[in-house]
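Asker: Provided herewith is a single structure, encoded as C-alpha cells, for subsequent inquiry.
The values are calculated or read from the model by the stated rules, or taken from the named source; none is laboratory data. Please read these numbers as outputs of a predicted model, since none were measured by experiment. Ideal geometry is used to build each Cβ from the backbone, glycine not excepted, and the neighbour counts take in all protein chains shown. Please note that ligands, DNA and RNA were not included when accessible areas were found on the heavy atoms of the full protein model with its side chains. Shrake-Rupley method; radii C 1.70, N 1.55, O 1.52, S 1.80 Å.
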Amino acid sequence: MSRPRPPEGLAAVRVAARTCVAGAPRGRRRIGLLALVFLPALVTALVLILGESGRGTGFKNFATILGVAYLGRILPLAMIFLGTATFGDEWAGGTACYVLGQPLSRRALVVGRWLACVRRALVLVLPAVATVYLLCLLPFGDAWQVYLGALGWTLAVLSLLTCAYAAVFLFFGLAFARAVMWSMVYVFISEMVLSQLPQSLAMLSLDFHARNLLWQLSAQEVFKPRGLTLGSDVIVEPVSIGVSLLWIACFTVGALALSALVLSRKEAGGEVQAAASGEA
Amino acid sequence: MTPASDTPAVVASSPVAPVRSAGRAPAKLTVRKVSRWYGDVIALNAVDLAFGPGVTGLLGPNGAGKTTLIRLLVGMATPGDGTVELDGQRIRGNLAALVRIGFVPDGDGLYEDVPARRFLLDQAEQRGFTGAAREARVDEVVRRVGLEEYVPKKMGALSKGNRQKCKLAQALLHDPDVLVLDEPLTGLDPIMRRDFIAVVRSLGDEGVTVVVSSHVLHEVEAMTDDIVLMRHGQVLAEGKVADIRDTLDTHARRIRIGTPDPRALGRLLLGEDDLVSGLAFEGADLVAATMHRDRLCAFVQQAAVDGAAEVTALEPLDDDLRSVFSYLVT
C-alpha cells in the first residue's frame, strides 16, 4: 500500500475543521447552550404573551437586549464553553494523543479547529438574536422590515466578535488547566469592567469595538458605547470603523498565533508527571 | 544498542531481530542520551537505545519510565536532554516523521459519542486518505483487527477489548513503519488477547518496527524474545531473554531433572566437585542449582548413558522472562 501524503495548507485546515469532534455541543452541553442563548428570546416572548411591548420602540428594545444580554454577557459566556472545549476537551478526555499524533501542521490544526468552533457558535447565536429581533419588532407592524439593514449589521458584528472570542478562548483552553475559570476572569475584567471605563481603557476590550462598529455601521444611537457613569456619562468619541476592525482582527490573529505556539509545545497527558511524582 | 547510563546495563546480542521484510524500508528508532525530568523527579536518565524492525518489548515495573519513553518515541513529549530520532530525523514536531508512526496509547480516552467508523474515517482523512480509498482503507484495517461488527457503534458503547482494537485500527490506518503500543493488552479477555498478540506478531514479521510496553511479563513473552528492561528511568538490560539470562552469572541456574530416584541422582551430583550449589526435591523431581549449566547437563546425560541414573526429563527452570525480570528488578 502506498501511503498518501497528508493534507497541507488550506486542505489541512479544512480537514482539521471537518474532523474536529472535541467541544461539539452535544447532550447536556447543547441543552445548556441553547438555554443560554435563547433565554432573551424566551423572556421577550413571555413579555409579549403577558401583553407588554416594552417602553420604547421595538428596535430600541432589541438594541437594549442586545447590549445588556448578548454583548459582554451571553456571547462571551457561550464562547467560553465552546472555545475552551475545542482543545481543552482533548486533554481532559485523554484524547490529546490523537491531536498531537496528526501529521497536520499545528497552525492548520489551530485554524481548522477555530473555524469549527466559530461555525458551531454562529449556528447557535445568530438564530437566537434574529428571533429576539422578530419578537421585539413584530408587534410594531412593518417596523421589522425597516430595520432589516441594522439587523444585518448586527449579525455581521456579532459574527466578527464570535471569531475573536473563539480565538481568545481557544487559546485559554490550550494554555490553562482551569481554562473556564480564567476565561471568566478575563471576561469580567476585560468585557464587563474595562469596556465601561473611559475611552482610552475601554478601547482595550472587544466589547467596546463591537459596540462602536454597531453604532457606526447601523447609524443607530442606541448602540453608542457608554463610559462609566459617575453622575454623568463619560463622553465617548467614535473610533473609526477601520481601527475597530483592525483591533478585532489583531485580537483574533494574535490569539490564534499564540495558540499555535502553545500547541507546538504541548505534550500529551499530565498523568506521566503525576505518575513520576507518585513514584518519587 | 548501547546503554549509556551510569548504571551498567546488561546487553545481550543484537536487539534487532531478523524479519521477513515485505518490501518495507526498515525504520530505526534511535534514543541518544535522553533524559527527562518532571520537576525534581527524573523519569528517564541518560537512556541510549535503538529499535529496529521486529517486535521489541519494553518492560519494567510501574514508574520505570516506560510511558515517558513511549511519549518521546512518538513525538508527544520533548526530551529534557538528548535526541530521539527516526532514521536520523528528529521526531518531535516533525510531520515527515509523524507520518511514519502509529501509536496505541495507554489511556482509555476515546471520543465516546462518536461511532467507531466515523472516528476511523476522520483519522484516515487526517492521514491523507480521501474518497473511496478512505472507505476502503478503513474497511481493510477494521477487518484486520476484527472489528467489523462493532464499527457502527458509538465508542462509548464498546467493550474494553473493542476499544483497544479501535485504537489499534487507527494506528494501522496509514500502514506505519513504526508502531508503538503502550500497555495494549490491558483489560482484554483471553481470546481478544490472543488475537491482538497475533496481529502484533504479524506486523513485526512484516518488517514494522514495533515497540510494545507492558509490565505484564507473559504478555511480552508471547509477542517477542527481544526486550528492553527498565527501572527507575534507566535501562537495566536489553537483548534476547535467553542471552540476558546467560549474562547473569551471579545467579545460579535452576535445572529440573526428572528421575524415578531423585535421592540417588542427588548423591551423584553432590559427589562432583563444585557442580551444584544446591539441591531441592520438588514433587517427584530433583531441582539442581548450578553455576555450570553445560557441565551439569553433560554430567546428567553421561550418567543416564552409563546407567548410573535414570533420567526422564532435563529442563532449565529460569531461562524465562519472569526469572530475568525478578533477578534484575527485585
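A quick yes/no check of all residues on (1) open to solvent by less than 60 Å² (accessible area, probe 1.4 Å); (2) over 15 Å from A:Leu138 (Cβ atoms):
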site	(1), (2)
A:Thr44	yes, no
A:Val68	no, yes
A:Ala85	yes, yes
A:Glu90	yes, yes
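Asker: Let me ask something else. Count, please, the residues in the range A:14-33 that happen to be open to solvent by 20 Å² or more (accessible area, probe 1.4 Å) and over 15 Å from A:Phe87 (Cα atoms).
Answerer: Qualifying residue count for the region: 8.
Asker: Quick one: in the range B:41-57, of everything that is farther than 19 Å from B:Arg100 by Cβ and in contact with a helix residue (DSSP H, G or I) (Cβ under 9 Å, 6 or more places away or on another chain), which residue is surrounded by the fewest Cβ atoms within 10 Å (Cβ to Cβ)?
Answerer: Within the range B:41-57, the first condition is being farther than 19 Å from B:Arg100 by Cβ, and the residues that meet it are B:41-48, B:57.
Of the ones still in play, those that are also in contact with a helix residue (DSSP H, G or I) (Cβ under 9 Å, 6 or more places away or on another chain) are B:41-44, B:47, B:57.
Numbers: B:Val41: 16, B:Ile42: 19, B:Ala43: 29, B:Leu44: 28, B:Val47: 28, B:Gly57: 23.
If we take residues in the range B:41-57 being farther than 19 Å from B:Arg100 by Cβ and in contact with a helix residue (DSSP H, G or I) (Cβ under 9 Å, 6 or more places away or on another chain), then B:Val41 is surrounded by the fewest Cβ atoms within 10 Å (Cβ to Cβ).
Asker: Got at least one residue in the range A:254-265 being among the basic types (Lys, Arg), at pLDDT below 95 and within 24 Å of the chain's Cα centre (by Cα)? Break it down stepwise before answering.
Answerer: Step one: filter the range A:254-265 for residues among the basic types (Lys, Arg), giving A:265.
Checking which are at pLDDT below 95 leaves us with A:265.
When the remaining residues are screened for being within 24 Å of the chain's Cα centre (by Cα), the result is none.
There is no residue in the range A:254-265 that is among the basic types (Lys, Arg), at pLDDT below 95 and within 24 Å of the chain's Cα centre (by Cα).
Asker: Then there's this: Would you please list the contacts, defined by Cβ atoms under 7 Å and residues six or more apart or on different chains, that run from a residue in the range A:9-20 that is closer than 17 Å to B:Phe129 by Cβ to a residue that is part of a loop (DSSP other than H, G, I, E, B)?
Answerer: As it stands, the answer is A:Ala12/A:Leu104; A:Ala12/A:Ser105; A:Val15/A:Pro7; A:Val15/A:Leu104; A:Ala16/A:Leu104, since those pairs meet every condition given.
Per-residue answers, yes or no, for (1) over 24 Å from A:Glu191 (Cα atoms); (2) more than 14 Å from chain B (Cβ to nearest Cβ):
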| residue | (1), (2) |
| --- | --- |
| A:Gly83 | no, yes |
| A:Gly88 | no, no |
| A:Leu104 | yes, no |
| A:Ala108 | yes, no |
| A:Ala116 | no, no |
| A:Ala121 | no, yes |
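Asker: Please determine, by comparing only the residues of the range B:111-129 that are open to solvent by 10 Å² or more (accessible area, probe 1.4 Å) and part of a loop (DSSP other than H, G, I, E, B), which one is farthest from the other protein chains (Cβ to nearest Cβ). So that I can check it myself, show each step before the final result.
Answerer: So in the range B:111-129, the residues open to solvent by 10 Å² or more (accessible area, probe 1.4 Å) come out as B:111-113, B:115, B:117-118, B:121-123, B:125, B:127-129.
Those left that are additionally part of a loop (DSSP other than H, G, I, E, B): B:111-113, B:127-129.
Values: B:Tyr111: 5, B:Glu112: 8, B:Asp113: 5, B:Arg127: 6, B:Gly128: 4, B:Phe129: 6 Å.
Of everything passing the filter in the range B:111-129, B:Glu112 is farthest from the other protein chains (Cβ to nearest Cβ).
Asker: What number of residues within the range B:130-144 are more than 13 Å from chain A (Cβ to nearest Cβ), touching a residue at least 12 places away in the same chain (Cβ under 8 Å) and surrounded by fewer than 21 Cβ atoms within 10 Å (Cβ to Cβ)?
Answerer: 1
Asker: For B:Phe103, only one of the following conditions fails: (1) part of a strand (DSSP E or B); (2) more than 7 Å from chain A (Cβ to nearest Cβ); (3) hydrophobic (A, V, I, L, M, F, W, C). What is its number?
Answerer: B:Phe103 satisfies all of (1) part of a strand (DSSP E or B); (2) more than 7 Å from chain A (Cβ to nearest Cβ); (3) hydrophobic (A, V, I, L, M, F, W, C) except (2).
Asker: Of the residues B:Val200, B:Val212, which single one is hydrophobic (A, V, I, L, M, F, W, C), open to solvent by less than 40 Å² (accessible area, probe 1.4 Å), in contact (Cβ under 8 Å) with a residue 40 or more places away in the chain and not in a helix (DSSP H, G or I)?
Answerer: Sole residue among the options that is hydrophobic (A, V, I, L, M, F, W, C), open to solvent by less than 40 Å² (accessible area, probe 1.4 Å), in contact (Cβ under 8 Å) with a residue 40 or more places away in the chain and not in a helix (DSSP H, G or I): B:Val212.
Asker: Out of the range B:62-85, which residues are more than 7 Å from chain A (Cβ to nearest Cβ), closer than 21 Å to A:Leu263 by Cβ and under 19 Å from the mean Cα position of the chain (by Cα)?
Answerer: B:Ile70, B:Leu72, B:Leu73, listed by residue number.
Yes/no per residue for (1) under 19 Å from A:Val262 (Cα atoms); (2) open to solvent by less than 30 Å² (accessible area, probe 1.4 Å); (3) at pLDDT below 90; (4) within 14 Å of another protein chain (Cβ to nearest Cβ):
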{"site": "A:Gly58", "(1), (2), (3), (4)": "no, yes, yes, no"}
{"site": "A:Pro76", "(1), (2), (3), (4)": "no, yes, no, no"}
{"site": "A:Thr95", "(1), (2), (3), (4)": "yes, yes, no, yes"}
{"site": "A:Tyr98", "(1), (2), (3), (4)": "yes, yes, no, yes"}
{"site": "A:Arg113", "(1), (2), (3), (4)": "yes, yes, no, yes"}
{"site": "A:Pro139", "(1), (2), (3), (4)": "no, no, yes, no"}
{"site": "A:Thr154", "(1), (2), (3), (4)": "no, yes, no, no"}
{"site": "A:Leu160", "(1), (2), (3), (4)": "no, no, no, no"}
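Asker: As an exercise: evaluate B:Trp37 against (1) in contact with a strand residue (DSSP E or B) (Cβ under 8 Å, 6 or more places away or on another chain); (2) surrounded by 23 or more Cβ atoms within 10 Å (Cβ to Cβ) and give the number of the one condition it does not meet.
Answerer: The one condition B:Trp37 does not meet is (2).
Asker: Looking at B:Glu148, is it away from chain A (no Cβ under 11 Å), open to solvent by 40 Å² or more (accessible area, probe 1.4 Å) and either part of a strand (DSSP E or B) or not small (Gly, Ala, Ser) (or both)? If you could, list the steps in order and put the result at the bottom.
Answerer: Values: away from chain A (no Cβ under 11 Å): yes; open to solvent by 40 Å² or more (accessible area, probe 1.4 Å): yes; either part of a strand (DSSP E or B) or not small (Gly, Ala, Ser) (or both): yes.
Spelling it out, B:Glu148 is indeed away from chain A (no Cβ under 11 Å), open to solvent by 40 Å² or more (accessible area, probe 1.4 Å) and either part of a strand (DSSP E or B) or not small (Gly, Ala, Ser) (or both).
Asker: Would you mind stating whether B:Asp273 is exposed (fewer than 15 other Cβ atoms within 10 Å of the Cβ) and not basic (Lys, Arg)? Let's see the steps before the verdict.
Answerer: Working: exposed (fewer than 15 other Cβ atoms within 10 Å of the Cβ): yes; not basic (Lys, Arg): yes.
Here the answer is yes, as B:Asp273 does meet what is asked.
Asker: May I pose another question? Has the range B:228-241 got any residue that is in a helix (DSSP H, G or I) and open to solvent by less than 60 Å² (accessible area, probe 1.4 Å)?
Answerer: Here is the first cut: in the range B:228-241, the residues in a helix (DSSP H, G or I) are B:241.
Filter once more, keeping what is open to solvent by less than 60 Å² (accessible area, probe 1.4 Å): B:241.
Within the range B:228-241, one or more residues are in a helix (DSSP H, G or I) and open to solvent by less than 60 Å² (accessible area, probe 1.4 Å).
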